[in-house]
1. What's the total number of residues in the stretch A:213-246 that are away from every other protein chain (no Cβ under 14 Å) and at pLDDT 90 or above?
2. Charged (D, E, K, R), over 30 Å from A:Pro175 (Cβ atoms) and in a helix (DSSP H, G or I) - does that describe any residue in the stretch B:171-184?
3. Just checking, which of B:Gln250, B:Gln202, B:Gln230 is closer than 30 Å to A:Arg172 by Cβ and either modelled with pLDDT of 90 or more or not basic (Lys, Arg) (or both)?
4. Those residues that are under 27 Å from A:His268 (Cα atoms) and either outside any helix (DSSP H, G or I) or in contact with a Leu (Cβ under 6 Å, 6 or more places away or on another chain) (or both), I need them from the stretch A:213-240; list them, please.
5. Any chance the stretch B:127-145 includes a residue that's surrounded by 17 or more Cβ atoms within 10 Å (Cβ to Cβ), more than 22 Å from A:Ile301 (Cβ to Cβ) and in contact with a Pro (Cβ under 8 Å, 6 or more places away or on another chain)?
6. What is the residue count in the stretch B:58-79 for residues that are in a helix (DSSP H, G or I) and surrounded by fewer than 21 Cβ atoms within 10 Å (Cβ to Cβ)?
7. Name, by its number, the condition in (1) closer than 16 Å to A:Lys294 by Cβ; (2) surrounded by 24 or more Cβ atoms within 10 Å (Cβ to Cβ); (3) at the interface with chain A (Cβ under 10 Å from one of its Cβ atoms) that does not hold for B:Met237.
8. From the list A:Tyr156, A:Tyr89, which one is within 13 Å of another protein chain (Cβ to nearest Cβ), at pLDDT below 85 and either crowded, with 19+ Cβ neighbours inside 10 Å or touching a Lys or Arg at 6+ places or on another chain (Cβ under 8 Å) (or both)?
Amino acid sequence: MIAYLKYLSERFVIFVATIFISITTVFFVPRLTPGNPLSAVFSNLAGVGGSLNAPQLIEEYNRLFGLDRSLWEQYVSFLRELVRGNLGYSIGSFPSHVSDMLRSAIPWTIGLLTVTTLISWVLGSLIGAVVGWRGGKSRFVQVLVSVALVLYTIPYYILAIILVFLFAFYWRIFPLSGAYSVGLRPGLSLDFALDVLRHAALPALSMIVVSLGWWFLSMRSLITSLKGEDYILQAEAKGLSERRILWGYAFRNALLPQATGLAISLGHIVGGALITEVIFAYPGLGWLIYNSIKGLDFPVIQGGVLLIVFSVALANFAIDMVYPLIDPRIRYERTGRG
Amino acid sequence: MAEVRVEAQRGYARELLRNRKFLIGTSIFLALLAVAVAGSLFVDPVQRRTGSFPVRLPPGPGAPLGTDSLGRSIAIQMSEAVPNSLQVGLIAAFLGTLIGALIGFVSGYFGGAVDAVLRILIDVFLSVPSLVFLILIASLVRGVGVQTMALIIGAFAWPSPARQVRAQVLSLKERAFVQIARLSGMSGLEIIFRELMPHMLQWLGANFVNAFISAVLAESGLSLLGLGPQREMTLGMMIYWALSYSAILQNLWWWWLTPILALMCLFLSLYMIHLGFDEASNPRLHSQV
């Protein structure tokens, strides 16, 4: 138990450090670029036609981030506003709050990401375990491995573009873009749910297929390397059924590094998802950031970046906390004591 | 000692040259490079301008890979895009591996408080999607060129090599030859460069290829988001232009398919080179994959 607590506190330090370092980076990067810290904001104001409210907006930003004060005071006030959840105003659609814009985008991203990541991780791990356990170098396995390798090497958006061409343009099975049909009112009806699923199908498929290859390959090699372990041999000697050895012994032990793999690649997955959203005009964070880049709306980009970093750090910490629970050694230790 | 090391490296090189994946990967990579270089040698820069060709020509005798909606030849765009994308990969991978190796060496070799701080730093930057920091910086530094973009990407490419190098140094530093070097009065930096570095070169090779892949990936990702070098052509920018002129809907398949195929070939070749490095430095892997 003490080991568990020590481990948790170590992971907590990393979690806090991640948040702190990212916030600090986000604060200092704009101030290191030449000119006024918010020069990006000011110089872009004229270009977006939002000049009507410009004086108000500039005054508001001066107050919010205390630009007339010392750097340290600015930093403290930046942190204080962040804690309150105040990310400032959008330039492109002033006087909308950045936090409100993020709030309407995040459910789409989280929904898409969680579902696709879970499906591909579980499915890839299961197939990888079976194929790895059977072993052998049959033609089928060789083809499967090469396909997985090719899928793993290509980025999400390449597959996304190919899928759009095939299923939305050529065969017209799925819609080209968006999260639901224009004119449909978001609500809790069956029609709306089906429409959302139909729109999510292609983005989800492109993300699932690509990451499936990786989880399959990694689980396959994990299981293959576990096969000669003493506890597997002993289980075989005891006469346990093949199925029990695979799922109860080999698979459970392979789950640990597989979960670590998920934690490590979460950042990459999120990055890929942001760009996939752009290709499908899917109204999540990636699409919001893309439009803010086009509209030179720096506060929204900054808010989106902070939110993504925070979510990834939180998800990582959550995986870290669950990790010991699936580790049979730690479980054993606990029941041994308690 | 030195002779043994040279012998070991020769064996490594032989292993690498006998590795099928490495050879196939290198051939594809070199072919891509050769086509691009040959193209850029024979292309008149004036032909890169918009309107040099009739618009939306399918692949044919006039334009071997067709033209886009702005009257630019896809083949000529490729002759500029492939070298530029490779340049981004090369610069960023070099910078990232260099910074990463330094941090990893210092962290692993000196240990203690330095290591504790650097380890947290490595863990933090490994877990955060570097793409979002790149988005932040690229959206502030508008109108970046290919080289600036490569530098920005490289500045965030160090965590993964740093972690690998740190782990290697930790396992190497207790070996006898390092102990002897220390006893004979070599300084820490001297040991790092003269004793540890040669052992790490193979690892750095695989890391370099990895960083190369991530850098090209980051370049195309940023370009797709509209943050790429607007006045120059990269593979990512080609896809960006194709998508912003809805090439898919207009059925101009040659426009979007060409850069995508090139990217796929590039990634596949780099990944095979990476596998080759891995297998050559660890022959046991050979039987597994």
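1. Total satisfying the criteria: 1.
2. Looking through the stretch B:171-184, at least one residue is charged (D, E, K, R), over 30 Å from A:Pro175 (Cβ atoms) and in a helix (DSSP H, G or I).
3. Exactly one of B:Gln250, B:Gln202, B:Gln230 is closer than 30 Å to A:Arg172 by Cβ and either modelled with pLDDT of 90 or more or not basic (Lys, Arg) (or both), namely B:Gln250.
4. The answer is A:Gly213, and nothing else.
5. Within the stretch B:127-145, not a single residue is surrounded by 17 or more Cβ atoms within 10 Å (Cβ to Cβ), more than 22 Å from A:Ile301 (Cβ to Cβ) and in contact with a Pro (Cβ under 8 Å, 6 or more places away or on another chain).
6. Residues meeting the conditions: 1.
7. (3)
8. From the options A:Tyr156, A:Tyr89, the qualifying one is A:Tyr156.
The values are calculated or read from the model by the stated rules, or taken from the named source; none is laboratory data. From a predicted model like this one, the values you see are computed outputs, not experimental measurements. When we count neighbours, we look across all protein chains shown, and the Cβ atoms used for this are built from the backbone with ideal geometry, even at glycine.
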